[in-house]
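First the structure, in the form of structure tokens, and then the observations on it.
The values are calculated or read from the model by the stated rules, or taken from the named source; none is laboratory data. What you see is a predicted model, and the numbers here were worked out from it, not measured in a lab. Cβ coordinates were reconstructed from backbone atoms using ideal geometry, including for glycine residues, and neighbour counts include every protein chain displayed.
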Amino acid sequence: MKFGPVPLDEAAGAVLAHSHQVAGGRLRKGRVLNDEDIAALRGAGHDPVIVARLDPGDVGENEAAARLAAAMVPDPEAAGLVVEAPFTGRVNLRAAGPGVLEVSAEAVRHINAIDPGITLATLPEWQRVAEGTMVATVKIIPYAVDGAALDRAEAAAEGALRLRRPVIEAAELIVTQVEDDADEDAKGVRAVEGRLAALGVALTGVRHVPHEAWAVAEALAGSNAGLVLILTGSATSDETDVGPGGLLAAGGSLERFGMPVDPGNLLFLGRLGERPVIGLPGCARSPALNGADWVLERLLCGVPVTGADIAGMGVGGLLKEIPTRPQPRERRK
């Protein structure tokens, strides 16, 4: 692509680089100039004019953006995404419904390394989104890009992006009680219910039990939901504490106790048969983001979460402080 000022006699068929006021209106940048445009520019005294002229093999910005988006999402319905029409070298992609965003960081890096004029920006991987959330944008920076570079970007784009939709329809909550505190329990239930509702998942049962391992085990044995959450009345301090102990007593297995995300350190993750069980940290009583959200959202959307996955959440795991925490990071003045 050649870019720069040219005499109006040579500008027909070129792309106008900057908007200009002419008699009867304004010629917008990005317009492919025709004979009438040339006459209007001449009449307004704009000669020479700055334009972009495509070389053989170049692909215009809108076509290039549309091609890259199509290579990335060849089947929008299957990917759970909506691919919008190109404009000014940009194509936006949006979520077709609630879920978490799966991103191939390697593919995104590869695409962005091919040509500085070919760009793809996405939300962070596993970001929870709602219907209509913009999850990515393709932007062709110049008015055209080299076709060979675009071919390479298209080849790298396969599998770069998709939405993982919820696969679990219902969850149950077990709340252990150290003392009778109906207000605090109700607050915790509302926060959990809100988290599930954000992904269209129903909270189908809440069981209040004594803060004893045997009581947790009995409640787990009586549950049949696709996911079970445990919110203990006292913080879980050890992998043999009431919550994890009740899971093991019920015949379940413990995958991980503790996570390098704050707030959210005291989460535990296990399984009861094929069903995941999450022991929620006390901060889950607040609707504010905490480490449990990252685990909960992925599991609800069928994304496996292992102890190694949780160990890797430390980078970016220092979240915003919650003012109501019993043990804040810094002493209150």
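A few notes on this one:
- Output for the stretch 1-29, where each listed residue is in contact with a Gly (Cβ under 8 Å, 6 or more places away or on another chain) and closer than 21 Å to D146 by Cα: V15, L16
- Positions within the stretch 153-191 being β-branched (V, I, T) and either buried (at least 18 other Cβ atoms within 10 Å of the Cβ) or closer than 19 Å to G243 by Cβ (or both), in sequence order: I168, I174, V175, T176, V178, V189
- Residue count for the stretch 38-61, restricted to those that are touching a residue at least 24 places away in the same chain (Cβ under 8 Å) and under 30 Å from N92 (Cα atoms): 11
- No other residue among I168, I174 is assigned to a loop (DSSP other than H, G, I, E, B), of a type outside the set (D, E, K, R) and modelled with pLDDT of 95 or more apart from I168.
- Subset of the stretch 237-260 [surrounded by 24 or more Cβ atoms within 10 Å (Cβ to Cβ) and touching a helix residue (DSSP H, G or I) at 6+ places or on another chain (Cβ under 7 Å)]: V242, G243, G246, L247, M259
- Considering residues of the stretch 31-69 that are touching a helix residue (DSSP H, G or I) at 6+ places or on another chain (Cβ under 8 Å) and small (G, A, S) only, the residue farthest from P5 (Cα to Cα): A64
- Any hit, the stretch 179-193, residues being among the hydrophobic types (A, V, I, L, M, F, W, C), within 30 Å of D75 (Cα to Cα) and not in a loop (DSSP other than H, G, I, E, B): no
- For the stretch 14-25, the set of residues classified as over 8 Å from V51 (Cβ atoms) and surrounded by 13 or more Cβ atoms within 10 Å (Cβ to Cβ) consists of H20, V22, listed by residue number.
- Subset of the stretch 123-142 (residues that are touching a Gly at 6+ places or on another chain (Cβ under 7 Å) and either in a loop (DSSP other than H, G, I, E, B) or of a type in the set (G, A, S) (or both)): E131, I141, P142
- Helices (runs of 4 or more DSSP H) wholly inside the stretch 1-95 containing at least 1 residues that are in contact with a His (Cβ under 9 Å, 6 or more places away or on another chain) and not assigned by TED's automatic domain parsing to the domain that holds D115: 35-43
- Flag for G226 being modelled with pLDDT of 95 or more and either over 30 Å from Q127 (Cα atoms) or in contact with a helix residue (DSSP H, G or I) (Cβ under 9 Å, 6 or more places away or on another chain) (or both): yes
- Residue match in the stretch 299-307 (condition: closer than 25 Å to D183 by Cβ and crowded, with 19+ Cβ neighbours inside 10 Å): no
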